[in-house]
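What follows is one structure encoded as structure tokens, with my remarks underneath.
Here, each number is a calculation from the coordinates, and none is a lab measurement. In this text, all values refer to a predicted model and were calculated from it rather than measured experimentally. Cβ placement follows ideal geometry from the backbone for every residue including glycine, while neighbour counts extend to all protein chains displayed.
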Amino acid sequence: MLPWRRLLRPLAVLTLAAALTAPTGAAQAAPAPGSGWNNWSCKPSAAHPRPVVLVHGTFGNSVDNWLGLAPYLVRRGYCVYSLDYGQLPGVPLLHGLGPVDRSAAQLAVFVDKVLAATGSARTDIIGHSQGGMMPRHYLKFLGGAAKVESLIGLAPDNHGTTLHGLAGLLPYFPGAEDLLTTATPALADQIAGSAFLTRLNQGGDTVPGVKYTVIATRYDQVVTPYRSQFLDGPGVRNVVLQDLCPLALSEHVAIGVTDRIAWHEALNALDPANAERTTCASVLD
């Protein structure tokens, strides 16, 4: 194990543990209105006219994945929302496990709810890991392209990974070992070459009218090789975290949970007209 990963892993685990060790009801409850994100009375401003929907990764949920990024965006004037998806019966807290196409249908319902509440015509989506890949099914097959301005993926497994790669998530999610099997629908769908991914990527990675940003890290131990996360097509920007800051050490989990350099670049993708160069100093923003 690289030495910095020994340091990053405890940080990510501590962040996730805030939700994973809480009572079931409290952990699954979204932040209360007025506290920041999932504030259903929030109205987008002229400066930030589209709400942002956050889509967690495999084994994540609507709270723990976004304890850092959601407040980061709210403080910058965005209306921010997150959902739980891919729940399995009898498995609390650890979501993103059901069939990915059904998860995309859950996202479609949630986006409609967000647009109705905010009065907006379109939204932006930021997803981590599976959450950066799954919305592509929504865009391509469920009419999402008409409702989404941009999709920003933090370490998305756009072309799949291996079961061995997914095993790299286990140290961050206590109790997940029994779920690491191809009998778990979302894991089977995320294996490179699966029927789901073959259909998703057939005919091109993208759909017209949507801007795509992929932010990957060279130290990704889950989705490998890391360049397999990249998309091809018009309106695509593929970014390597270490090209922005050579000192960035985040791996697969940390890039979504704790990495302010990745968040700063996601902010640029949300508002490219007012983008500011992302550097190592962006951790101070």
What Kirkwood Rh does the stretch 96-187 have if only Cα atoms enter the pairwise 1/r average? Answer in Å. 14.2
Could you tell me whether the stretch 205-245 comes out rounded, prolate or oblate from its Cα gyration tensor? Rule is a ≥ b ≥ c as square roots of the eigenvalues, rounded for a/c under 1.5, then prolate if a/b exceeds b/c, otherwise oblate. oblate
For the stretch 153-285, just the Cα set please: Rg and Dmax, both in angstrom. 15.7, 46
I want to check the label-to-label distance for ALA188 and GLN202. Put each point 7 Å from Cα in the C-beta direction and report it in nm to one decimal. 1.8
Pulled fully out, how much extra length does the chain show between LYS113 and SER41, if you take 0.36 nm times their separation in residues and subtract their Cα-Cα distance? 24.7 nm
Around MET133 (Cβ within 11 Å, Cβ-to-Cβ, excluding MET133; K/R +1, D/E -1) the net charge comes to -2
Hey, can you list the DSSP H helices of the chain whose Cα span along the axis is 20 Å or longer and whose average Kyte-Doolittle score is at least 0.5? 3-20, 100-118
In nm, to one decimal, how far is the ASN274 label point from the ASP178 one, both placed 7 Å along Cα→Cβ? 4.9
Among ALA145, ALA104, ALA46, the residue with the largest mean-square fluctuation in a Gaussian network model of the chain built from Cα contacts under 10 Å is ALA46
Dividing the mean separation of Cα pairs under 8 Å (6+ apart) by the residue count of the chain yields a relative contact order in percent of 17
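How big is the dipole moment of the chain about its Cα centre under a simple scheme where the beta carbon of each Lys and Arg is +1, that of each Asp and Glu is -1, and everything else is neutral? Debye, nearest 20, please.
Value, rounded to 20: 380 debye.
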Total charge of the residues flanking LEU197 in space, meaning their Cβ is under 15 Å from its Cβ, with Lys and Arg +1 and Asp and Glu -1, is -2
Please express the Cα-Cα pair-distance distribution P(r) of the chain as a list of whole percents, one per 5 Å bin, running from 0 to the bin with the greatest distance. 1, 6, 13, 19, 21, 19, 13, 7, 1, 0
Sum up the charges of everything whose Cβ sits under 15 Å from the Cβ of THR278, counting Lys and Arg as +1 and Asp and Glu as -1, but leave THR278 out. -2
Helix-only [θ]222 nm of the chain, DSSP H runs n ≥ 4, -39500 (n - 2.57) each, per residue, nearest 500: -9000 deg cm²/dmol
Give the relative contact order (percent, whole number) for the stretch 72-216; include only Cα pairs under 8 Å separated by 6+ residues. 24
